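Below is one structure, written out as structure tokens; the observations come after it.
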Amino acid sequence: MKAKVGMEVSCHLRMLLFISFASSFLNISYAQTNNDYDTPAAPPPGLSNCNGVFLTYSFTSRDKEYPHIKNATAQAWAFKSSATIVNTGEYEVKAWQMFVGFQHKETLVSATGATIVDSDDFPVDASNGTTFAGGSQADLKTSIETAGDFTQISAQIDITGTQFGVKPPGVPMPSIIKLVNNGYKCAKATMRGSKTYMQVCCKKDPKFKPKPKKAVKYLPRQYGDLEFTYDVLHAYGNNYLAQVTMVNNHPLGRLDHWNLTWDWKNDEFIYSMRGAFVRKRDYARCVYGPAGEYYQDFDFSNVVTCDKSPIISDLPPAMKNDSKLGKLPYCCKNGTLLPTLMDEDKARSIFQLQVYKLPPNLNRTALEPPHKWRIDGVLNPQYKCSSPIRVDPTEFPDPSGLQGTSTAIASWQIVCNISRPKEKESRCCVSFSAYYNESVIPCNTCACGCEGDTGCSQKAGAMLLPAEALLIPFENRTQKAIAWAKLKHLKVPNPRPCPDNCPVSINWHLNTDYKTGWTARITLFNWDDAPFEDWFAAIQMGKAYPGYENVYSFNGTKLDKLNKTIFLQGLPGLNYLMGEVNGTRGGPRVPGKQQSVISFTKKQTPGINVPGGDGFPKRVFFNGEECALPTTIPIKSGGHKYRINLFTIVFTTILTLIMMTGCIY
């Protein structure tokens, strides 16, 4: 039976939306108990005294979800709630944004009346709070300029979702509600109605000095790790020409062989395309769908795709000067998008598409971009994209070559930010080793996932290895791992741990440690068949960062503003990390590899404890993808602080000589 809570507040919110102002004073019903509309209704507590922006949140109801379990903290509840925002001040609120501090592992499945910032689609993880922005009504006008038209000065959000851990009679209320817009200060929200309703008044901050900005009609452009702009260049009755521009802003962001996907809302289809191509040319959906019914005499055989969720990829460089498919700036790079630190020209990509529409959107101004944007690459950061937001039309240089500008008919922006990979969802991993310990701490079990692995343990810790085992694939390491465990009197798990399943692994070896400095060796292993062109790695060193001195076989750059990061990339002519190849004489396959030594001085880092953890990286990235790190570091044995293992030196020397002779790529 649905638990009914907050009835008094629910009445208030319903009436808040439909009762208009009386005279010049806001008369909003807070609790209607009869049908006598001749009696003046009282405004909600605090609304009449708020000269700014008035925000409310009301918890309405909830139902117990399946599965029903005894552990109250793990029981899921489907809940409904409402939030309102009312402009009661003398200034218009442009592009309003309201933060709701959810705190009970909430997952939102719908939010009618608003969009969610930094989220592509529902369901949305709101366990750390989320920010709502205006959808169709992004701006809140004042009562003065609308003569008290409540529909123009307010907005309501109807929220549906799931929460955990708060059973009746407890109420899963947020910790805070506030206006995010610059120039406003919000008081502490107060609870009312048996703690099922909270409200707050946000007022203009008299000390706030806004920066001079160009006046905008639509939402301001946002900054993100990867930005898309969807510009409509030409519009006709039943079709339009659009241009998609993607820009990489993150110094560690990268895409290789990118695949872009979105969803059409109104059965649109792509008739032609330049600067990119679709992975699947399919026009059957048009012939047998609404497009075929409307365009009965249309030849769909020339259509690029009728897929509702097309997969779009970049053209190869050979197509750059093709008169039909190419001849666009920044196109045709085979899906490579590099950081500006490496190549500014390769940090941007452009393609164009001609889109056909269906009724009732057949006038020139009926324009709507695709939604649910998603992009991925071969081994790259994982991006999470927001919904498209309408922005001021993009300005372009005048195509005639004159010193003027032309503007798009309409423009939308989609912002994508890099998300940190969850546990066991990385696509590269790191192993640790050191001169003072003969064992290598390998990549974590299932560091990059274990889907499909059977007969092995996904929870057992990875087994320590001898150094030479890093050179062979996981399936050939078993005998070496078991023999090493017996030699070192280590426990052998039964069943044995699953592999890391990572296409790229990196070994960080603490090489030396002396009075004035220390060195480390970094080795990159490519276990995939395809090579990595223009690869880069990034190392966050924490306390050791100021002591960075040099890297001897790579190019190294210090990024002071990026969390003490050392940026590494291949030297000219050595920027290919080759793929895995067959071994000699029927031996195991051999990974592509590159390595270098990195030197550090202790002059700028007094008191540094290199073996104690300061000599190991805090975070490691390869081609922008964050790699999984081991949970432990090599332990120093027997108090031999400066004893260098002879076997490690011999192994390193032999590996270096082999690489110099060209026997291993």
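The values are calculated or read from the model by the stated rules, or taken from the named source; none is laboratory data. Note that the coordinates shown come from a computational prediction; the quantities given were computed from them, not determined experimentally. Glycine gets a Cβ as well: all are built from the backbone with ideal geometry, and neighbour counts include every protein chain shown. Calculation scope for accessible area: heavy atoms of the full protein, side chains included, ligands and nucleic acids excluded. Shrake-Rupley method; radii C 1.70, N 1.55, O 1.52, S 1.80 Å.
Note on region 456-491: among residues that are of a type outside the set (D, E, K, R) and loosely packed, with under 12 Cβ neighbours inside 10 Å, the one that is nearest to Val581 (Cα to Cα) is Gln479.
For region 558-569, residues that are open to solvent by 50 Å² or more (accessible area, probe 1.4 Å) and either of a type in the set (Val, Ile, Thr) or at pLDDT 90 or above (or both) total 1.
For region 131-180, taking the residues that are assigned to a strand (DSSP E or B) and in contact with a Lys or Arg (Cβ under 6 Å, 6 or more places away or on another chain), the one that is surrounded by the fewest Cβ atoms within 10 Å (Cβ to Cβ) is identified as Thr160. Contact map, region 177-194: residues that are without any contact (Cβ under 8 Å) to a residue 60 or more places away in the chain and of a type outside the set (Gly, Ala, Ser) paired with residues that are open to solvent by less than 60 Å² (accessible area, probe 1.4 Å) and assigned to a strand (DSSP E or B), Cβ distance under 6 Å, separation 6+ or inter-chain. Pairs shown: Met191/Met198. Limited to region 579-618, what total is found for residues that are in contact with a Gly (Cβ under 6 Å, 6 or more places away or on another chain), over 22 Å from Glu468 (Cα atoms) and among the hydrophobic types (A, V, I, L, M, F, W, C)? Going through region 579-618 one residue at a time, the tally reaches 1.
Being out of contact with any helix residue (DSSP H, G or I) (no Cβ under 6 Å at 6 or more places or on another chain), in contact (Cβ under 8 Å) with a residue 12 or more places away in the chain, assigned to a strand (DSSP E or B) and small (Gly, Ala, Ser) is the requirement here; does Ser439 meet it? Yes; evaluated as a whole, the condition is true for this residue. Pairing residues of region 377-397 that are under 19 Å from Gln137 (Cα atoms) and assigned to a loop (DSSP other than H, G, I, E, B) with residues that are open to solvent by 50 Å² or more (accessible area, probe 1.4 Å) and acidic (Asp, Glu), at Cβ distances under 6 Å and at least 6 apart in sequence or on separate chains, gives Ser386/Asp118. The set of residues from region 570-587 being part of a loop (DSSP other than H, G, I, E, B), of a type in the set (Gly, Ala, Ser) and open to solvent by 60 Å² or more (accessible area, probe 1.4 Å) comprises just one member, Gly573.
Checked against the criterion of being open to solvent by 10 Å² or more (accessible area, probe 1.4 Å), part of a strand (DSSP E or B), over 22 Å from Ile608 (Cβ atoms) and among the polar types (S, T, N, Q), region 534-546 contains not a single residue that satisfies it. Scanning region 492-506 for residues that are open to solvent by 20 Å² or more (accessible area, probe 1.4 Å) and either on the phi > 0 side of the Ramachandran plot or not in a loop (DSSP other than H, G, I, E, B) (or both) yields a count of 1.
In this structure, does Ser406 turn out to be in a strand (DSSP E or B) and at pLDDT below 90? Yes; evaluated as a whole, the condition is true for this residue. Given the condition open to solvent by less than 50 Å² (accessible area, probe 1.4 Å), in contact with a Cys (Cβ under 6 Å, 6 or more places away or on another chain) and more than 30 Å from Pro370 (Cα to Cα), answer yes or no: does some residue in region 432-443 qualify? Checked against the condition, which is being open to solvent by less than 50 Å² (accessible area, probe 1.4 Å), in contact with a Cys (Cβ under 6 Å, 6 or more places away or on another chain) and more than 30 Å from Pro370 (Cα to Cα), region 432-443 yields at least one hit. Of the residues making up region 343-367, those that are crowded, with 17+ Cβ neighbours inside 10 Å and either hydroxyl-bearing (Ser, Thr, Tyr) or more than 20 Å from Ala276 (Cβ to Cβ) (or both) are Ser349, Tyr356, Lys357, Leu358, Leu367. Scan region 394-406 for residues that are under 30 Å from the mean Cα position of the chain (by Cα) and open to solvent by 40 Å² or more (accessible area, probe 1.4 Å) and the total you get is 2. Residue count for region 527-582, restricted to those that are touching a strand residue (DSSP E or B) at 6+ places or on another chain (Cβ under 8 Å) and more than 30 Å from Lys602 (Cα to Cα): 15. Each residue in region 75-103 was checked for being open to solvent by 40 Å² or more (accessible area, probe 1.4 Å) and either outside any strand (DSSP E or B) or modelled with pLDDT under 90 (or both), and 5 of them qualify. Which count do you get for residues in region 507-525 that are surrounded by 23 or more Cβ atoms within 10 Å (Cβ to Cβ) and out of contact with any Ser or Thr (no Cβ under 9 Å at 6 or more places or on another chain)? The number of residues fulfilling the criteria is 0.
Does Pro339 meet the test of being at pLDDT 90 or above and open to solvent by less than 40 Å² (accessible area, probe 1.4 Å)? Judged against the criteria, Pro339 is a match.
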